[in-house]
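A quick write-up on the structure given underneath.
The values are calculated or read from the model by the stated rules, or taken from the named source; none is laboratory data. Predicted model, so just to flag it, every value in this text is computed and none were measured. All Cβ positions, glycine included, derive from the backbone under ideal geometry; neighbour counts span all protein chains shown.
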Amino acid sequence: MIINKTGFTRKELAAECDCKYYIIDYLNNCGKLPVVRESEGPGYIRLYHPNAVNVLTDHLAKRVSKNV
């Protein structure tokens, strides 16, 4: 993980956590992912806070532990 990064795009966040886009969209729609900058409309990216990586990995860990 890059420590001095100001934010992640959805693509970068998916690559960092090795998950699908729809999981990020789900957590964002639930209001669980911290956002640095919201999108201003089509063509503008939303930047997720670096702490979003922790939220996403915690969510994925819960999902895996329930399937075992």
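Gly41 passes all but one of (1) part of a loop (DSSP other than H, G, I, E, B); (2) modelled with pLDDT of 95 or more; (3) not acidic (Asp, Glu); which number fails?
Unmet for Gly41, out of (1) part of a loop (DSSP other than H, G, I, E, B); (2) modelled with pLDDT of 95 or more; (3) not acidic (Asp, Glu): (2).
Kindly evaluate Arg46 against the criterion of being at pLDDT below 95, farther than 16 Å from His59 by Cα, basic (Lys, Arg) and in contact with a helix residue (DSSP H, G or I) (Cβ under 8 Å, 6 or more places away or on another chain).
When the stated conditions are applied, Arg46 passes them.
Out of the residues in the stretch 46-58 meeting the condition of being in contact with a strand residue (DSSP E or B) (Cβ under 8 Å, 6 or more places away or on another chain) and assigned to a loop (DSSP other than H, G, I, E, B), tell me which one is surrounded by the most Cβ atoms within 10 Å (Cβ to Cβ).
The extreme case among them is Pro50.
Please determine whether any residue of the stretch 3-23 is assigned to a loop (DSSP other than H, G, I, E, B), among the basic types (Lys, Arg), touching a helix residue (DSSP H, G or I) at 6+ places or on another chain (Cβ under 9 Å) and touching a residue at least 40 places away in the same chain (Cβ under 8 Å).
yes
Can you name the residue in the stretch 16-45 that is acidic (Asp, Glu) and surrounded by 11 or more Cβ atoms within 10 Å (Cβ to Cβ) and, of all such residues, is nearest to Lys5 (Cα to Cα)?
Looking at the filtered set, the residue picked out is Glu16.
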